[in-house]
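The values are calculated or read from the model by the stated rules, or taken from the named source; none is laboratory data. Source: prediction; values computed, not measured. Glycine also receives a Cβ, built like all others from the backbone with ideal geometry; neighbour counts cover every protein chain displayed.
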């Protein structure tokens, strides 16, 4: 399994699944003027064959989000993490998310609404 940092390779090298995940995630959350990546100050996007992980700035103690595609169910699993140095804590996880509500699930998991 190869893992790449987003931006270090052109998007043409990404698998279609990863392209679809990033496009599904980076929509505009409800009542927000900016796409999700801009609104959350996303940086350090890392992806592989079936997941996308990125650093966020939020107010729920979450600073990393990992979105995993479950090809068997054609759904997404979302994990919210707080990582400081060597301390890693999974804050929350939501399984079985449809692509059309993926942005709102991530928004509500990172930002206190």
If we keep just the residues of region 40-64 that are in contact with a helix residue (DSSP H, G or I) (Cβ under 6 Å, 6 or more places away or on another chain) and outside any loop (DSSP other than H, G, I, E, B), which is farthest from residue 24 (Cα to Cα)?
-> 47
Can you work out which of the residues in region 2-39 that are touching a helix residue (DSSP H, G or I) at 6+ places or on another chain (Cβ under 9 Å), modelled with pLDDT under 85 and part of a loop (DSSP other than H, G, I, E, B) is surrounded by the fewest Cβ atoms within 10 Å (Cβ to Cβ)?
-> 30
All-but-one check, residue 51 against (1) over 19 Å from residue 16 (Cβ atoms); (2) buried (at least 16 other Cβ atoms within 10 Å of the Cβ); (3) without any contact (Cβ under 8 Å) to a residue 40 or more places away in the chain, failing number (1)
Provide a single number: the residues in region 31-48 that are touching a residue at least 60 places away in the same chain (Cβ under 8 Å) and out of contact with any strand residue (DSSP E or B) (no Cβ under 9 Å at 6 or more places or on another chain).
-> 3
Enumerate the pairs (first residue in region 15-29 and more than 13 Å from residue 100 (Cβ to Cβ); second residue anywhere and in a helix (DSSP H, G or I) and at pLDDT below 80) with beta-carbon separation below 7 Å, excluding pairs fewer than 6 apart on the same chain, so at least 6 apart or on different chains.
-> 19/11
Within the set of pairs 6 or more residues apart or between chains, which connect a residue that is on the phi < 0 side of the Ramachandran plot and assigned to a loop (DSSP other than H, G, I, E, B) inside region 98-113 to a residue that is surrounded by fewer than 20 Cβ atoms within 10 Å (Cβ to Cβ) and modelled with pLDDT of 90 or more with Cβ atoms less than 8 Å apart?
-> 98/75
Pick from 66, 57: which is under 14 Å from the mean Cα position of the chain (by Cα), surrounded by fewer than 19 Cβ atoms within 10 Å (Cβ to Cβ) and at pLDDT 90 or above?
-> 66
